[in-house]
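Beneath this line is the structure, given in structure tokens, with notes to follow.
Readers should treat all values here as calculations from the given coordinates under stated rules, not as data from a laboratory. Worth saying up front: this structure is predicted, and the values here are computed from it rather than measured. Using ideal geometry, Cβ is built from the backbone for each residue, glycine included, and neighbour counts are taken over all protein chains shown.
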């Protein structure tokens, strides 16, 4: 009996050691296929380049949306992939498009800048202000495009850092919480989660010297994620990790990639629709320590919140990209969360790119197009 007991304890210890030593970073590399007949997908992908296209992912038929004399800009997709909005250059209208192709146009005011979807019913439009704005308050228009209901919102919170050209202000879908950059010109700075109803700060995160990070809320507005720099000494920079913050202010470090790389930079997070995965671009250095302004190739990574594993899919985005400078958009998830699409640079010029679709479940990649930026992926009607 004693031998059996000792054997059982040894087995438990072995299982514990294996679980502790299991890799937190794995590789899944695959070739890019050009035969789309083997691609199984759904919904409508919106692609923008010299012209704008909609691609039916069921039939794989691509249709041009824009005309030679009418370019589109300021694209924004709704959190649950029901709508995409853009501004028509010819008519100067805000256009709303659904997965069924139906459109709605709204005259654009002169002080409207870019628009973001808060939820499936409301847009938040950044209002252009004078450079010498004495109020020092960022102003937005909250617009319901289907009912035309609208009201103005001022981002006037405790010690919010104001600069019209450099601001971090991200609301959740219900407009009851906001993440913003807090601090005056001399510092110190914090990324602050502010509860609007209680008029109180729920969490503060140290930016680690990087004041250009964009918080990314989940589609249900229950939490947000940020990639923050952890270095405490100059020789540790860059040492970025992804953090998750809940609505009640609980902070949780998700990744521990600095355990595997001497220096590591993360940018442009993208939540999957069910909020299990976070896709991101990253760069790493092994031999020579970089500093702000230094560059390296960006690679695609996906973090699984359920397993705690980061997967390197061996695809690059921008080549020789500077720390803090992001040109390509974050990877774009399909509405069902099975696939992502992204730009991959193929030449010295970042304008020279391929548009690649990666099926995360099947680990297969397909060439979708050339020099096209994915700007939205709508649900099938």
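Sort 284-291, 31-38 by the packing proxy (mean of other Cβ within 10 Å over each peptide's residues), most packed first.
284-291, 31-38
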Checklist entry - With springs only between Cα atoms under 10 Å, which of 130, 170, 370 fluctuates most in a Gaussian network model of the chain? => result 130
Next on the checklist: Please list the three semi-axes, largest first and in whole Å, of the ellipsoid equivalent to segment 55-192, using sqrt of 5 times the eigenvalues of its alpha carbon gyration tensor.
Outcome noted: 32, 17, 14
Checklist entry - How large is Rg over Rh for segment 107-260, taking Rg from the Cα atoms and Rh as the Kirkwood inverse mean of 1/r across Cα pairs? => result 0.99
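Between Rg and the Kirkwood Rh of the chain, both from Cα atoms, what is the Rg to Rh ratio?
Values: Rg = 22.4 Å, Rh = 22.5 Å.
With Rg and the Kirkwood Rh in hand, the quotient comes to 0.99.
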Checklist entry - Expressed in nm to one decimal, what extension gain is obtained for the pair residue 153 and residue 80 from 0.36 nm per residue of sequence separation less their Cα-Cα distance? => result 23.9 nm
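Do me a favour and compute the ellipsoid semi-axes for segment 284-381 from its Cα gyration tensor, root of five times each eigenvalue, largest one first, whole Å.
Details: eigenvalues 120, 66, 26 Å².
In descending order, the three semi-axes are 25, 18, 12 Å.
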Checklist entry - Which residue, 234, 145, 207, tops the fluctuation ranking in a GNM of the chain built on C-alpha contacts under 10 Å? => result 234
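How large is the Rg to Rh ratio of segment 235-336 when both quantities use alpha carbon positions and Rh follows Kirkwood?
Details: Rg = 13.8 Å, Rh = 14.3 Å.
The Rg/Rh ratio comes out at 0.96.
Pulled fully out, how much extra length does the chain show between residue 246 and residue 60, if you take 0.36 nm times their separation in residues and subtract their Cα-Cα distance? Don't jump to the answer; show the numbers that get you there.
On the way: separation 186, 0.36 × 186 = 66.96 nm, distance 3.86 nm.
Between residue 246 and residue 60, full extension yields an extra 63.1 nm.
At a Förster distance of 22 Å, what's the computed FRET efficiency of residue 295 paired with residue 349, Cβ-Cβ distance as r, to 0.05?
Values: r = 14 Å, r/R0 = 0.66.
That pair, residue 295 with residue 349, gives E of 0.90.
I'd like to compare 64-74, 117-127: which one has the highest average count of other Cβ atoms within 10 Å, and what's the full order after that?
Working: 64-74: 14.1, 117-127: 19.5.
Going from most to least packed, we get 117-127, 64-74.
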Item to check | DSSP-defined antiparallel bridges as percent of all bridges, the chain, nearest 5 | outcome: 95
Item to check | Most mobile listed residue (177, 136, 354) in the chain, GNM with C-alpha springs under 10 Å | outcome: 136
Item to check | CD proxy at 222 nm, helix term only [per DSSP H run n ≥ 4: -39500 (n - 2.57); per residue of the chain; nearest 500] | outcome: -2000 deg cm²/dmol
Item to check | Globularity index of segment 272-320, i.e. its alpha-carbon radius of gyration over 2.2 N^0.38 Å | outcome: 1.33
Checklist entry - Along the Cα-to-Cβ line of residue 312, 7 Å from the Cα, sits a label point; which residues in segment 281-303 have backbone N less than 17 Å from it? => result 281-290, 296-303
Next on the checklist: Given 37 °C and 0.692 mPa s, compute D for segment 103-158 with the Stokes-Einstein relation, Rh being the Kirkwood radius over Cα pairs; round to the nearest whole µm²/s.
Outcome noted: 267
